[in-house]
Every structure is written in C-alpha cells, then in structure tokens.
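See structure below.
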Amino acid sequence: MLPRHLYIHIPFCARRCSYCDFSIAVRSQPPVEEYVTALRAEMDGLQRELEGATLDTVYMGGGTPSRLGGVGIRDVLKTVRERTRVANHAEITIEANPDDVNDMAVAHWVAAGVNRVSLGSQSFDQAALNWMHRTHDVSQIGRSVGTLKRGGIDNISLDLIFALPAHLRRSWESDLVRALDLGPTHLSLYGLTVEAHTPIARWADRGATVEGSEESYEEEFLAAHNAMTAAGFDHYEVSNFARPGKASRHNSAYWTGAPYLGVGPSAHSFDGSTRRWNVAAYSEWIRRLATGTTVIGCEESLTEENRSTEEVYLGLRTRSGRPITEDEIGRVQAWVQAGWAVIEEPVQNPRVRLTPTGWLRLDSLAADLAAQRALPVSVNS
Ligand code: SF4
C-alpha cells in the first residue's frame, strides 16, 4: 500500500524541558544543512515507497521543527516535493515553539505550503513555564499566534499540559480561558506523567512532588471537556479538541490504522502489516546515512490478533468509537451502567464509544475488551 501520510522527525531543541523524554538533539544552533542532506539521503532510499504516492498529510514533529527556521523548513518540504507528490489540499503541519515564530519564518513556511501550526504553548502561567524549563514566556504565546495569523496561517493548534503539581498553584481554568481567547482551531491536552530519565524523574527521586494527584488529573480532564465543548469544540479523541472540520487529518490517520511513512531519527513507519522505526540518536542516524547503512533500528510484524488488539485501543480513543460484536455487548453494558460508555445504533450496527469518564480508564477498558485476543507481537531487530 502506498503511504498517504508522511511524518518527518526534526529532533532539535534549545534545551530539554523538565518532563520530556522524546528523542531530541539539544543544539543552540541546529545543523540545518547537515540535517537536510541526511533527510535527502534517507528519502532517496525510500524511492520505491514514495514513487507513485500522493500525500494527503505531511507532519513535521519533534523535537522542535521550528528551530530549523524559515529556510530550513522550506528545504525540508522541497526535499519532499522533489521525491513524491503532495496533494493540492494536503494538510501540512509544523510543530513550533512560540519563541521561534517571527514574520520572516512564517512567510517561508507559508510559501513552502505549511497551512497548520501546532504551537507548544503548554501553560499561560509563567511560574509553570519556568518549572517546565520552557524556552518561551507567556507573552510570546499570544504574540506568536498573532504573527501566524498575520502571515496567513489560521489553522492553529495549542498544546496545554494539565495535572501539574499543586505547589505551582497554576489555575487550569484560567489557562483554558486564555487559550480559548486566542481563537485556536484545535487544542491538544496532555496530562503530566513522570517518565524515566527526565529532569522531573530525578527531582522525584530526591523527594520532590512533581505531578498532580490522581483526583486533580481527573478533575482537570473533565473540566477541560466541559469548557471546550461549551465553547463549540468537538472532543474527538481522548486528548484532542477541534472546531468543526479542523480535526488533525494526520493524527486521525494513525487512529484509523492507515499506512504512514516516517523519516528522521526515531520516526516510525507502518505499511498496514509491519511497523518499523529508525534509530533514535541523531548522531547515529547521521552516521548511518553517511555510510549508506540502513537507519531502520527495529521492526515488528503484526499478526491478525495484534492488529485486532490495536484496533480496539485506537477505536476507543476516538469519539466515533468502534463496532462491537454480539459477544462483546455484555461486557460493554457494564461500562454503560458505570457511565463510562455509550452504545450507539444498538439494533443495526452497534458501536461503543467511551464517555469522558470512560476515557479516564481508557487503558484498562481497552485491555479488558482486547484480552481475549491479545497475543505477543513478534519483534525482529
Ligand atoms: S520543546 Fe518539546 S521536544 Fe523539545 S524538549 Fe521541550 S517538550 Fe521535548
């Protein structure tokens, strides 16, 4: 199957945020030419998969893609267009940090075809931003949204993090109001979790409180659902809200199990039956491309059972839910009674979708439904 969705991992960040365990390369000055040269080499090796493909979405994620600046992103998209076709109305997204957004960069992005920006705002509370080790300040969030709109990009998603530790005294309600005041088309919300090898994990080891309580996690998640739906947003996936017609087409493809191609360090690809992923370290990715060695670090073949298990999990993440069989109805009815799920079209084509309180239990409910068919994935490295 030819991919219609391309993910490009651009790993550069000015420094590591306190909660971040992503695959990044900390650089004060990103090596733009070195990166684009390596990207060209990787995409040349994917000619068989790219030739004949037409991309509906291109998503530049990271790291911080906006660190490449206007010219760097222009060269990345030129590299893509020289090797495959991009549909006329493709969704082309770049993740950006507010401090990288300026008129010149936005002009280059728009000229290169970028029509959607996912802005890493995270909070409108300066003490919270400092604690997260973010490089931007509160005032830069509003300014960057203004710059994007003035430059012609009005499809803007904001990221916010909830369930911060209570000692920060951040007002979640105030953050939601201030985000809405900027007129975004989309919001992505992430509950803070402590991942290994992050600065906050080290702080926790030393006895500091680095995350909110379970109660605050639930309260803030439900408060966000209420505030955003009251403002006219569709809570279309457990972590995502969109104005009508503004759901992320790229991420929605992941949740429906569509094939996609990923390039750049740590990027994942899926062809409908096999998933593979690149080596994560930037230096290793560069070294392998310079020596003509494969950048694929690992791959896994999904069995029918594995795919079925994934389909359960991915379906339950989304507002449209998933079809249920007669065998599953009894199990799901218990969820309905608990207020965690709704059964739609119960007679003809029954589907289950989780309610917001059900989404708070997503992992355990998905595991419950998938348990009867879960089998181990075979991994080849
Ligand atoms: S900007 Fe994003 S990718 Fe970079 S360190 Fe911060 S959270 Fe991680």
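Considering each residue of the stretch 1-23, count those that are within 16 Å of the ligand (Cβ to nearest atom), open to solvent by less than 30 Å² (accessible area, probe 1.4 Å) and either modelled with pLDDT under 95 or part of a loop (DSSP other than H, G, I, E, B) (or both), and give that number. Qualifying residue count, the stretch 1-23: 4.
Would you say Thr147 is at pLDDT 95 or above, open to solvent by 10 Å² or more (accessible area, probe 1.4 Å), away from the ligand (no atom under 14 Å from the Cβ) and β-branched (Val, Ile, Thr)? Spelling it out, Thr147 is indeed at pLDDT 95 or above, open to solvent by 10 Å² or more (accessible area, probe 1.4 Å), away from the ligand (no atom under 14 Å from the Cβ) and β-branched (Val, Ile, Thr).
Reported count of residues in the stretch 118-133, each being touching a strand residue (DSSP E or B) at 6+ places or on another chain (Cβ under 9 Å), within 14 Å of the ligand (Cβ to nearest atom) and either assigned to a loop (DSSP other than H, G, I, E, B) or over 13 Å from Leu192 (Cβ atoms) (or both), is 7.
Looking across Thr198, Thr185, one residue alone is under 20 Å from the mean Cα position of the chain (by Cα), touching a residue at least 60 places away in the same chain (Cβ under 8 Å) and either open to solvent by 30 Å² or more (accessible area, probe 1.4 Å) or away from the ligand (no atom under 16 Å from the Cβ) (or both). It is Thr185.
Annotation note: of Ser18, Ser28, the sole residue that is among the polar types (S, T, N, Q), under 30 Å from Asn130 (Cβ atoms) and in contact (Cβ under 8 Å) with a residue 60 or more places away in the chain is Ser18. Considering Gly61, Gly52, Gly69, the condition of being within 16 Å of the ligand (Cβ to nearest atom), in contact (Cβ under 8 Å) with a residue 12 or more places away in the chain and either on the phi > 0 side of the Ramachandran plot or in contact with a Cys (Cβ under 7 Å, 6 or more places away or on another chain) (or both) is satisfied by Gly69 alone.
Summed over the stretch 92-115, residues that are open to solvent by 10 Å² or more (accessible area, probe 1.4 Å) and part of a strand (DSSP E or B) total 1. Listed by first and then second residue, the pairs with beta-carbon distance under 7 Å, at least 6 apart or on different chains, first residue in the stretch 156-178 and more than 14 Å from Met132 (Cα to Cα) and open to solvent by 10 Å² or more (accessible area, probe 1.4 Å), second of a type outside the set (Ser, Thr, Tyr) and assigned to a helix (DSSP H, G or I), are Glu173/Ala223. Taken together, the residues in the stretch 39-52 that are part of a loop (DSSP other than H, G, I, E, B) and at pLDDT 95 or above amount to 2. If you filter the stretch 24-38 down to residues that are assigned to a helix (DSSP H, G or I), open to solvent by 20 Å² or more (accessible area, probe 1.4 Å) and not hydrophobic (A, V, I, L, M, F, W, C), you find that the one that is nearest to the ligand (Cβ to nearest atom) is Glu34.
The values are calculated or read from the model by the stated rules, or taken from the named source; none is laboratory data. None of these values were measured; they are calculated from a predicted model. As a convention, Cβ positions derive from the backbone with ideal geometry for all residues, glycine included, and neighbour counts pool all protein chains shown. Just so you know, the surface numbers come from the protein's heavy atoms only, side chains and all, with ligands and any DNA or RNA stripped out. Shrake-Rupley method; radii C 1.70, N 1.55, O 1.52, S 1.80 Å.
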